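Let me begin by presenting the structure, written as structure tokens, before commenting on it.
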Amino acid sequence: MPVFYPPVKPCPCGSGRSYASCCQPFHTGAQWPETPEKLMRSRYSAYFLQDTAYVLETCHPDRRPTDLDLNDGILYSGLTIHTATENEVDFTVRLKTPDGQNHRFRERSRFERLAGRWVYVDGNVSVR
Ligand SMILES: [Zn+2]
């Protein structure tokens, strides 16, 4: 079950907009993100909210993980988008592991349009 997040609060993805006017319509299925950047932001927010179903739904069907568990004690503390192109997004995620350590990783994600919907294909991760 996703964590409840008040719609009036700033969106977890850091867009500066409220959750209700940013990633929530994607999470509820009311809309599908129309750009890779929006998809990426909504996937980050889904990790933040432990919305496993949404993370899986937005993966390319051939690449969907079978053992995804977002209830793993990781706290997501920030997203920075560096560049977003037609089918790639370069971003940094900051997080805190259950042992209290702060980490960050940078990823260049690839996206593909499948039957009119952007989906996540894969990404190159560099840990710093
Ligand atoms: Zn958002």
remark   = Long-range amide H partners of G123, meaning residues 5 or more apart or on another chain whose placed amide H is closer than 5 Å, are R110
query = Going highest first, how would you order 68-80, 94-106, 42-54, 16-28 by mean Cβ packing within 10 Å?
reply = 42-54, 16-28, 68-80, 94-106
key: Debye, to nearest 20: dipole size of the range 1-55, +1 on Lys, Arg Cβ, -1 on Asp, Glu Cβ   = 120 debye
message = What is the distance in Å between the Cα centroid of the range 11-42 and that of the range 108-128?
response = 16 Å
key: Net charge dipole size for the chain [Lys, Arg +1 and Asp, Glu -1 on Cβ; Debye, nearest 20]   = 380 debye
ask   = Relative to the compact globular guide of 2.2 N^0.38 Å, what is the alpha carbon radius of gyration of the range 19-127, as a ratio?
value = 1.02
remark   = Taking GluC sites (Glu not before Pro) in a DSSP loop with at most 14 other Cβ atoms within 10 angstrom as exposed, one finds the longest site-free stretch of the chain at 35-85
query = Residues with amide H under 5 Å of Q50's amide H, sequence separation 5 or more or different chain, H placed in the peptide plane at 1.01 Å from N; which?
reply = V3
note = Taking Cα pairs closer than 8 Å and at least 6 residues apart, the relative contact order of the range 19-127 in percent is 22 percent
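We did not get these values from a lab; they are worked out from the coordinates using the rules stated. Model, not experiment: these values are computed from the prediction. Reconstructed Cβ throughout: ideal geometry from the backbone, glycine too, with neighbour counts over all protein chains shown.
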